[in-house]
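Note sheet for the following structure.
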Amino acid sequence: CLSQIASELGKTEDAEYFKKRSFNYRHIFNSETSFFHPKDSKGNFIEPFNYEFSGGMGARGFYGENNGWVYRWDVQHNIPDLIQLMGGNENFVNNLNAMFSKPLGRSKYAFYAMLPDHTGNVGQFSMANEPSLHIPYLYNFAGQPWKTQKRISVLLDQWFRNDLMGVPGDEDGGGMSSFVVFSCMGIYPVTPGNPVYNIGSPQFNESTIKLENGNEFRI
């Protein structure tokens, strides 16, 4: 985002500087495991390492609130590059599938004692925290949109029911409610700041958005 702002302002040197920094995630990608893996002060991957539980309380030693399974997907500004880092579409989809099916690895009591914000679990996926909200839509980028459509419908049914389980975690600034509204309409802004919406699975026969200019966008 900073690179594009600098470019708009005609600051070419700054634009190149920030564009280069936008690839910094590559420096901590472990090609052997296909996870983003913390390094020590000498630039070596920290070993031994557990992508579910290393990092102490709230995984804050290396990540933040969520574990390595969630932060594996937080390259919203360059998803095609993340797919290539993981070895292509098939590996990317297999890794997504694995996240939704991998067990907690501990009892719920022990898991949430360490990761209290990593709630609303489907495998290692957390429906209840902002770093996760775009993840179900990533199948679209790897050529399997039907998996996004199915997963979205299931998640809405599992975690946003009209009962005591209506919100699966901390509703920071309306993040989860926004996920629900967008997803029910069948669109979602995967990359913040980019006016492109992924297509999901509409939950209504018709939705209408009243735009500021007086027009209506009807789905």
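The values are calculated or read from the model by the stated rules, or taken from the named source; none is laboratory data. Just so we're clear, the structure is a prediction, and the values are computed from it rather than from any experiment. Using ideal geometry, Cβ is built from the backbone for each residue, glycine included, and neighbour counts are taken over all protein chains shown. Note: accessible area is taken over every heavy atom of the protein model, side chains too, but ligands, DNA and RNA are not part of it. Shrake-Rupley method; radii C 1.70, N 1.55, O 1.52, S 1.80 Å.
Here are the numbers for this structure:
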{"quantity": "Helix-only CD estimate at 222 nm, as mean residue ellipticity for the chain, using -39500 (n - 2.57) per DSSP H run (n ≥ 4)", "calculated": "-9500 deg cm²/dmol"}
{"quantity": "The stretch 25-77: relative contact order in percent, alpha carbon pairs under 8 Å with at least 6 residues between", "calculated": "27"}
{"quantity": "Farthest toward positive dipole pole in the stretch 116-219 [+1 Lys/Arg, -1 Asp/Glu at C-beta], among S132, F217, L164", "calculated": "F217"}
{"quantity": "Solvent exposure of the chain as accessible area per residue, Å², 1.4 Å probe", "calculated": "57"}
{"quantity": "All lysines inside 21 Å of K20 as judged from Cα atoms, apart from same-chain residues fewer than 8 positions distant", "calculated": "K11, K39"}
{"quantity": "Of the DSSP H helices in the chain, those whose Cα atoms cover at least 15 Å axially and whose Kyte score averages -0.5 or more", "calculated": "89-101, 175-185"}
{"quantity": "Separation of the H27 and A110 label points, Cα + 7 Å toward Cβ, nm", "calculated": "3.6"}
{"quantity": "Rel. contact order, % - alpha carbon contacts under 8 angstrom, at least six apart, the chain", "calculated": "13"}
{"quantity": "Three-way shape call for the stretch 149-208 based on the alpha-carbon gyration tensor, with the a/c threshold at 1.5", "calculated": "oblate"}
